Structure formats: structure tokens, C-alpha cells
């Protein structure tokens with residue numbers, strides 16, 4: 001197969017677009033698609049202060065790379081989750097990426113900041129680790145962005161992630177979650193920072209291809225707690241559908257965003273106040289994050305409390321925060 005642009009041998013075949021590109025023109029295509037998504041969904045402008053949530057994996061590091069090449073100057077935020085060697089390697093990959101490109105990176109160590117890492121938190125809560133991990137990452141990311149003057153948080157969720165999440169929410173009729181599923185979540189409270197997903201229309205394979213062609217050194221392993229997750233089952237099912245009907249994932253997500261989500265979002269309007277404990281946004285008296293840590297610390301007492309000031313470690317070039 002030949003490159004659609006130059007006629008040379010293609011490196012990447014894009015069945016859902018019925019086209020193929022050589023390495024050079026694929027990189028141009030990928031970056032152009034991301035820029036179009038940013039503009040189409042009004043995610044941010046060069047004047048925004050962008051905080052990119054980076055895990056050390058292919059998606060978040062690819063997002064950071066693309067934004068840099070598109071002319072933005074985002075700062076990275078890495079959260080060390082306390083998952084042994086996996087978290088250590090994730091942080092090392094993230095720091096190496098930042099240093100090699102002269103980028104600013106903030107690091108928060110969950111165990112140092114709150115007393116427990118994800119494994120200990122899961123044990124204390126007697127729940128699967130993913131529950132406390134996801135809530136902690138969302139809370140910390142918003143709080144760091146808010147306290148350091150960032151106007152938007154960008155995450156590396158790709159089309160496969162969005163389609164799998166959507167399928168799971170539809171199967172279980174999670175209407176609250178469906179109402180909030182969007183590539184752009186505007187800040188509807190003074191203490192909430194806008195969240196965006198610039199890669200939400202790029203598939204996992206397309207993102208991997210970009211990372212490999214750009215020689216991005218990312219951690220290839222999945223989180224050790226991801227094994228057996230329902231999201232992987234949903235991704236496998238969607239991959240089978242995509243194999244026989246290219247473009248199905250995008251049709252599913254785009255159709256939902258155009259037709260169903262506006263109705264759900266209109267019906268899901270809730271009054272957002274501030275947590276009496278930490279001051280962060282919540283629809284209750286005490287936010288879910290503080291309630292979770294209250295429950296955990298009753299079983300595993302520690303000296304660090306969730307309400308303490310969150311001071312991320314700066315890595316790389318200094319930047320006024």
C-alpha cells in the first residue's frame with residue numbers, strides 16, 4: 001500500500017479513513033487531526049495555561065509531545081500512585097521525557113501527600129484499587145491545576161477509552177456518568193478547572209503508531225491492577241466490531257455526543273457547592289474524596305491528613321506557579 005500524499009511505501013494503514021500514509025505524512029496527519037479536534041471543540045488556545053496529566057504511558061506522553069509540536073507550552077503533572085516498581089518506572093519515564101524536551105513537570109506522590117498509596121488504600125477500603133485510584137487522580141489533578149493557576153487540564157484518553165467507557169455506561173444505564181462523558185467538561189464552579197481530551201478521536205493503534213514513529217520512550221506495561229478490568233472486555237468486543245466495520249468506534253462516540261448526551265446533560269443539572277472539609281467542589285456536604293479517605297484512615301491510621309496543603313515537586317525548568 002502507498003502513501004496517499006507522496007506515493008511512497010505506506011507505514012500506517014488507516015482502514016477507518018480508507019487511506020494510508022508514510023511515516024512523515026502520518027505524523028503530519030495525526031497532529032493535524034488533534035489540532036482540528038482542539039479547535040472544533042474549543043478546548044483551549046495558546047493563551048491558556050495547560051496542565052497535562054501524564055502517567056508515563058503512550059497516550060499521555062503522545063499528547064504532551066503533540067501539544068508541544070503544535071506550539072503550545074503545557075506543563076505536565078505526574079501522580080506517583082505507590083504501586084511499587086510500576087509507579088517508580090512510570091515516574092522515571094515521565095521525568096526523562098520532560099528533561100529531554102526541556103519541559104516543566106510537577107510530581108505528586110500519593111503516599112507522601114495523603115499517607116497511603118493505591119494498594120494500601122484499596123486494602124483499607126476493601127474495594128478494587130481502580131475505584132480509589134481514579135477518584136484520587138481526578139481530585140489531585142483539579143486541585144493542583146486550581147492552586148497553581150492553570151486554566152485547563154488535558155488528559156490522554158483516546159477513542160478506544162471513550163468507546164469502552166460509553167459501552168459500559170450504556171450496558172449498565174449509568175445515566176449520571178453518561179451525562180458527564182464528554183471531550184470537554186467546562187468549569188461550572190469557581191473551584192473546578194476545565195477538563196479536555198484532545199486525543200478522543202484517535203484510536204489506540206493510531207496513538208501507538210505515533211509514539212513509535214516519534215520514538216517516545218513510554219512504559220509499555222499496563223497497570224498491574226488492570227488485569228480483569230471490565231473495560232478490557234469492552235475494548236475487545238469493540239475491536240471485533242471495528243474489524244468487520246471500520247469506523248464503528250467513532251460512530252458510536254460521535255453519535256452519542258451529538259444525539260444522546262445533550263438530553264442527559266440537560267436533565268443532570270446539579271447544584272455544586274464546596275466541601276466543608278477541603279473546600280473543593282462537591283454536590284454533597286463532604287466530597288467523595290474526603291469521605292473515601294476518612295473511611296480508609298479509620299482502618300489504617302496515618303500522620304498525614306487529606307486536608308493538608310498539596311505541594312507538588314517541580315522537575316525540569318522552573319516555571320512561575
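Name the one entry in 104, 90 that is modelled with pLDDT of 95 or more, in contact with a strand residue (DSSP E or B) (Cβ under 8 Å, 6 or more places away or on another chain) and surrounded by fewer than 23 Cβ atoms within 10 Å (Cβ to Cβ).
Exactly one residue qualifies, and that residue is 104.
Residues being touching a strand residue (DSSP E or B) at 6+ places or on another chain (Cβ under 9 Å) and within 14 Å of residue 158 (Cα to Cα): count how many of those fall in the range 211-241. Talk me through it step by step, then tell me what you get.
Keep residues of the range 211-241 that are touching a strand residue (DSSP E or B) at 6+ places or on another chain (Cβ under 9 Å), which gives 213.
Adding the requirement that they be within 14 Å of residue 158 (Cα to Cα) leaves none.
Of the residues in the range 211-241, 0 are touching a strand residue (DSSP E or B) at 6+ places or on another chain (Cβ under 9 Å) and within 14 Å of residue 158 (Cα to Cα).
Can you find, within the range 65-83, the residue that is nearest to the chain's Cα centre (by Cα) among those that are free of Cβ contacts under 8 Å to residues at least 40 places away in the same chain and in a helix (DSSP H, G or I)?
68
Pick out, from the range 208-321, the helices (runs of 4 or more DSSP H) lying fully within it that include 1 or more residues that are surrounded by fewer than 17 Cβ atoms within 10 Å (Cβ to Cβ) and modelled with pLDDT under 95.
Counting at least 1 such residues, we get 230-244, 261-267, 288-299.
Specify which of the listed residues (151, 155) is crowded, with 17+ Cβ neighbours inside 10 Å, modelled with pLDDT of 95 or more and within 17 Å of the chain's Cα centre (by Cα).
On inspection, the qualifying residue turns out to be 155.
Go through (1) surrounded by fewer than 20 Cβ atoms within 10 Å (Cβ to Cβ); (2) outside any loop (DSSP other than H, G, I, E, B); (3) at pLDDT below 95 and name the single condition residue 95 misses.
So residue 95 meets the others, but not (3).
Is it the case that residue 166 is under 30 Å from residue 272 (Cβ atoms) and either free of Cβ contacts under 8 Å to residues at least 12 places away in the same chain or not in a strand (DSSP E or B) (or both)?
Taking the combined requirement at face value, the residue satisfies it.
The values are calculated or read from the model by the stated rules, or taken from the named source; none is laboratory data. Everything quoted here is computed from the prediction, not taken from an experiment. Because the Cβ atoms are built from the backbone with ideal geometry, glycine has one as well, and the counts that use them run over all protein chains shown.
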